[in-house]
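Asker: Following this message is one structure expressed as structure tokens.
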């Protein structure tokens, strides 16, 4: 069953990828989507079996490689933690596959798209079911590849392939840390089997190694290196720059990869290796700080962005920050719970945004939206549910998971945890503000569509089609005569299902995930029931704080964008520097460009023109070839054809040989 | 030692000499009509002369008062020489007939040269050496000018003769110097006179240099190579195919014997001369070939470079080196012969022989079979694995490394890299460039396709199947010498 779950997406990828145009759009879509739904069904079965107490097990598939004492096999491992991930991945992936039927309907290369989606799903499943850290790295790189391919899916668009390359390169930095972490694991533990490593953690606690003359704690180093890998994949502050740009990919991709699944791989890694992190408190503190910083940073940036997908992208970044600091304070269950619920409501928000974009003819700028609630009511409802969930309105999924994270930080009450708590609280306020801002700008107010080049373009087509319609004063009409249409059912069904998840996932599962019982996680991550019990005993002020932050954010957004239109512009005018700082994303891109990209290009150019062309080519291939060519010309000239010259050469040679021998003697 | 004994020991040469007289008479009476018959008869004669080679008792058999010896070494080389000569006779028939120069002398001249070569590789005395060498050379001069109506051919013959005469003069002068200081022309006596470790005898050393120069001329080693490109270009193609193969083998064999058996005591001295010649030949042969536009000139430089590689084995001065040289000669003979015969088969619509590189353009499309065979020869000559041509190169290089001459091996490898350029350029011209002209096959091909096919198969990786027996055979020959 597990094998089928993991390998069905691979089969789908092979069928759609190799069959491609030969089998046609419909067959490719059917086979990939069909397989994914089967996988999702199996995943839920496995999930409930695990919940029922089946216990962890491993299915060994084949030996991969053996070298000296290092032996790695292909094996699939399942425990509760993995089962949660399986459910998230396959469910969201199946819904995204379905959603893409309509969303990608006009695309000329649909089989390729669905093949990539299935490839991604397979790689992600390999990542989470990995029994050894090497196999996890295989999946890790596989999802990176699929992400690269899907971000650059519209490869004719320069911004798309630029974003794809950026995602790949930034992830490379993280992967470098991850691979160093793997080497470190082998060095310290002598094995790459995750189970064996985690079992051996206590024995190696306190091991040190010598680095540049100072003693360094081995486990802390390894944990930090692994976390650097996680930072890259999960777009944490410093290595986050690729995620907003990744929105260049088709929206279903953003929902699947850059919201629900791949970007959470870092959180999964930390949770999977939680015993190791528990043995390295310094690394945990780092995780907490980085997570909190990311939560705050991304939330502030999200308040100023105009592109609907970028707002959600920064929101994702911010929510990932929550997950990390939850893990950082030792509440791995809370981190996983937030990951779980976030997958539903963030996929919902992305797919809802996709539906809006679909309705608005690929216009993504919220400044050209407005008043859409009457035109696309179902999408409006879905987006609202998503927003309720992410802001943490009572009894929605986000309420349970975000409060769980914040309470855990408070309950841990170490210094980093309290910092994370206060930052998280402020970020919750920002989250509420920017999420409602998105809803208000998009669905409320008056239509502002006329300014959009996309709409104008679309309408120009319509105007041609309806030539007999006559002129009806476009100039004054803010809708520019455009009529948004609700999306087709295959896009709405996933929205409805995800809405249900966003509403009820918290209610249904919070007892299991972050309750005080030990049974649920069954040792698949570090889980301290006593600690979780404390979550229910936080002071009343703390208990109500997230709700208050949420309410304030909602009110502020309501005032700025609905009650007093123009208030936002006034604010920007009052504090232009702050706005620009946030709008330019804290100048991270500019900083990196100045710090890394341009020097790298300069070095590259220097090595290219100076080193490669000027030195290696000139003295190497080109120079030698030139020398040989010149030698050939000289030899040719020597071959004059004159007999006397030939005879003289013979005698010269003879004389030279005799002279040399005589002198040598 | 009776005359009868000598006759039986020297049976190959005796059979050859007697046969040549008979065939000469037949030719004189029957005229040029007899060319084809004479050719086949010549091949038969060569086969007959080869029979005693398999029949003789192992070990050294001396004859004619020590002028002549029959041993494993001479038998090995004679077989190669006979093989090369037979091929040269047969492949020429269609060519000669086509160009209306079907004179009956051709096979006979080749046979005479072969007789000379057979004597050369068995020589035990400077005099028998000279007789063999001159017999070969005089026949070769005539062969080079075989198209006597054609200026290029006669020019080639004249140049070859004039420079060859100079080389002969050098050789005789060297021989007389050696005789003067050793008191004998017999190899064995010379070896006794110049023992290693004694005071250097500058006169004998000069004599050795003169002898070496003359032999270097025959194998066309730099700087005594100047005649090679001109003669190869001017002489008729089948003649060049002959020049490039059997005489090279015989002259190299002679050089080996002379240096090891007569001047073994002066190894330290001749090793250095051979070393310099080897390096110069490899580099010049590899570099100069790049600027060539004629396929025959290109192969001439290829021959120079290959002799340079073969000389590496000689310069190593070890038994392994000798073995490597013998293997090199064998493989080189087959590859070069194949390349020339393939070239021989290319004729344009006017019956003109295609000899320029440009003529080969697009050959892969017009004549895929010949192009493929030529490609195999080129790859093999370049010494690119897995072609068989890689093996002898490896053998000489490793012999040099084992003898501590690794800089020589490094230079050899570098020269092969440069040489690979022009070999591969031929392949590129044939396979990638658009077709240049119409290539037709002359109506009658004789045995040529079979020769090309067999040579290609030998040069291809299939050749490794024969490596075991060939190596054993070469090792036996090398043992006889050292």
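Asker: Could you state the angle between the C-alpha long axis of helix A:643-664 and the longest principal axis of the C-alpha atoms of chain A, as a value from 0 to 90 degrees rounded to the nearest 10?
Answerer: 90
Asker: So if I take the centroid of the Cα atoms in the stretch B:73-96 and the same for the stretch B:281-345, what is the distance between those two points in Å?
Answerer: Between the Cα centre of the stretch B:73-96 and that of the stretch B:281-345, the gap is 17 Å.
Asker: How would you order A:255-265, A:634-644, B:293-303 from highest to lowest mean count of nearby Cβ atoms within 10 Å?
Answerer: Values: A:255-265: 29.3, A:634-644: 14.1, B:293-303: 24.2.
Top to bottom by mean Cβ count within 10 Å: A:255-265, B:293-303, A:634-644.
Asker: Among rounded, prolate and oblate, which fits the stretch A:256-297 when a ≥ b ≥ c are the square roots of the eigenvalues of its C-alpha gyration tensor, a/c under 1.5 means rounded, and a/b larger than b/c means prolate? The partial results should precede the final answer.
Answerer: Details: a/c = 4.85, a/b = 1.32, b/c = 3.67.
In terms of gyration-tensor shape, oblate.
Asker: Given points 7 Å out from each Cα along the Cα-Cβ axis, report the residue A:45 to residue A:552 separation in nanometres with one decimal.
Answerer: Here the modelled spin labels are 5.0 nm apart.
Asker: Defining a contact as two alpha carbons under 8 Å apart and six or more residues distant in sequence, what relative contact order in percent does the stretch B:122-227 show?
Answerer: For the stretch B:122-227, the relative contact order is 26 percent.
Asker: So, by mean Cβ neighbours within 10 angstrom, what's the order for A:579-590, A:20-31 with the highest one leading?
Answerer: The peptides rank, most packed first, as A:20-31, A:579-590.
Asker: Right, next: For residue B:293 and residue A:615, what is the calculated FRET efficiency with R₀ set at 45 Å and r taken between the beta-carbons, to the nearest 0.05?
Answerer: 0.85
Asker: Here's another thing I want to ask about it. Please average, across the residues of B:204-211, the number of beta carbons from any other chain that are within 10 Å of each residue's own beta carbon, and give a whole number.
Answerer: Counting Cβ atoms of other protein chains within 10 Å of each residue's Cβ and averaging gives 3.
Asker: Quick one: what does P(r) look like for the stretch A:97-177 with 5 Å bins over all Cα pairs, in whole %?
Answerer: The calculated distribution, bin by bin, is 3, 15, 20, 22, 19, 11, 7, 3, 0.
Asker: Hey, can you rank B:228-238, B:346-356, B:306-316 by average C-beta count inside 10 Å, highest first?
Answerer: Going from most to least packed, we get B:306-316, B:228-238, B:346-356.
Asker: Here is a follow-up. Let me have the 222 nm mean residue ellipticity of chain A computed from DSSP H runs of 4+ only, each contributing -39500 (n - 2.57), with the sum over all residues rounded to the nearest 500.
Answerer: Helices in chain A give a 222 nm mean residue ellipticity of -23000 deg cm²/dmol.
Asker: Over the Cα atoms of the stretch A:540-665, each weighted equally, I'd like the Debye log10 I(q)/I(0) at q = 0.15 Å⁻¹, rounded to two decimals.
Answerer: Relative scattering, expressed as log10 I(q)/I(0), comes to -0.98.
Asker: Spin-label point model (7 Å from Cα, Cβ direction): what's the residue A:367 to residue A:648 distance in nm?
Answerer: 8.6
Asker: Sticking with this one: For the stretch A:215-317, state what percent of all Cα-Cα pairs lands in each successive 5 Å bin, counting from 0 Å until the bin that includes the largest distance.
Answerer: With a bin width of 5 Å, the distribution comes to 2, 13, 23, 21, 17, 11, 7, 4, 1, 0.
Asker: So, how do all the Cα-to-Cα distances of the stretch A:509-548 break down into 5 Å bins, in percent, from 0 on up?
Answerer: 6, 24, 24, 19, 13, 10, 4, 0
Asker: In the stretch A:154-225, what is the volume of the convex hull around the alpha carbon atoms, normalised per residue and reported in Å³?
Answerer: 107
Asker: Same structure again: Of all the Cα-Cα pairs you can form in chain A, what percent are over 31 Å apart?
Answerer: So the pairs more than 31 Å apart make up 56 percent of the total in chain A.
Asker: What is the spin-label model distance, in nm, from residue B:445 to residue B:365 if the labels are put 7 Å beyond Cα along the C-beta direction?
Answerer: 2.2
Asker: Something else about it: Could you estimate the translational diffusion coefficient of the protein assembly as shown from the Stokes-Einstein equation, with Rh from the Kirkwood formula over C-alpha pairs, at 4 °C and 1.567 mPa s, in whole µm²/s? Provide the component values of the computation, followed by the final result.
Answerer: Working: Rh = 36.4 Å.
For the chosen part, D equals 36 µm²/s.
Asker: At 0.36 nm per residue, minus the direct Cα-Cα distance, what do residue B:414 and residue B:466 gain on full extension? Give it in nm, one decimal, please.
Answerer: 15.9 nm
Asker: Starting from the Cα gyration tensor of the stretch A:601-665, take the square roots of the eigenvalues, sort them a ≥ b ≥ c, and report rounded, prolate or oblate (rounded when a/c is under 1.5, otherwise prolate if a/b is larger than b/c, else oblate). Could the numbers behind the result be given before it?
Answerer: Working: a/c = 9.93, a/b = 2.37, b/c = 4.18.
Oblate, because a/c is 1.5 or more while a/b does not exceed b/c.
Asker: If you don't mind, there's one more thing I want to ask. Divide by every residue of chain B the summed helix terms, -39500 (n - 2.57) for each DSSP H run of at least 4, and state the resulting mean residue ellipticity at 222 nm, rounded to the nearest 500 deg cm²/dmol.
Answerer: Helix contribution divided over all residues of chain B: -24500 deg cm²/dmol.
Asker: Let me ask something else about it. Is the C-alpha gyration tensor of the stretch B:3-481 telling us rounded, prolate or oblate? Criteria: a/c under 1.5 is rounded; beyond that, a/b larger than b/c is prolate, otherwise oblate. Don't skip to the answer; put the middle values down first.
Answerer: Details: a/c = 1.68, a/b = 1.25, b/c = 1.34.
Oblate is the answer for the stretch B:3-481, as a/c is 1.5 or above yet b/c matches or exceeds a/b.
Asker: Place a point 7 Å from the Cα of residue A:414 along the Cα-to-Cβ direction; which residues of the stretch A:322-356 have their backbone N under 20 Å from it?
Answerer: Output list for this probe position: A:322-337.
Asker: Also, I was wondering about something else. In percent, what relative contact order does the stretch B:3-481 have, based on Cα pairs under 8 Å that are 6 or more apart in sequence?
Answerer: Relative contact order, the stretch B:3-481: 15 percent.
Asker: Which residues does the label zone of residue B:21 cover in the stretch B:114-133, counting backbone N under 18 Å from a point 7 Å along Cα→Cβ?
Answerer: Residues B:114-116, B:119 fall inside that zone.
Asker: Assuming 0.36 nm per residue, please report the length gained on full extension of the stretch residue A:633 to residue A:540 beyond their Cα-Cα distance.
Answerer: Result: 24.0 nm gained on full extension.
Asker: Hey, what did chain A get for relative contact order, percent, Cα under 8 Å, at least 6 apart?
Answerer: That works out to 12 percent.
Asker: Give the distance, in whole Å, between the Cα centre of the stretch A:248-290 and the Cα centre of the stretch A:195-238.
Answerer: Comparing the Cα centres of the stretch A:248-290 and the stretch A:195-238, I get a distance of 16 Å.
Asker: If R0 is 22 Å, what FRET efficiency do you get for residue A:204 and residue A:66 from their C-beta distance, rounded to 0.05?
Answerer: Result of the calculation: an efficiency of 0.40.
Asker: Would you mind pulling out the separation of the Cα centroids of the stretch A:635-663 and the stretch A:321-388, in Å?
Answerer: The two parts, judged by their Cα centres, are 88 Å apart.
Asker: Hey, another quick one. Give the calculated FRET efficiency between residue A:519 and residue A:27 to the nearest 0.05, with a Förster radius of 45 Å applied to their Cβ-Cβ distance.
Answerer: Values: r = 45 Å, r/R0 = 0.99.
The formula returns an efficiency of 0.50 here.
Asker: Report, as an integer, the average count of C-beta atoms from other chains found within 10 Å of each Cβ along A:637-644.
Answerer: 4
Asker: Take peptide B:290-296, look around each residue's Cβ out to 10 angstrom, count Cβ atoms belonging to other protein chains, and average those counts.
Answerer: Taking all residues of B:290-296 together, the mean is 3.
Asker: State the extension gain, in nm to one decimal, for the chain segment bounded by residue A:426 and residue A:165, taking 0.36 nm per residue of separation less the distance between their alpha-carbons.
Answerer: Full extension from residue A:426 to residue A:165 adds 90.6 nm.
No lab work stands behind these numbers, since they all come straight from the coordinates. On a predicted model such as this, the values are computed, not experimentally measured, just so you know. Methodologically, a virtual Cβ is constructed for each residue, glycine included, from the backbone with ideal geometry; neighbour enumeration extends over all protein chains shown.
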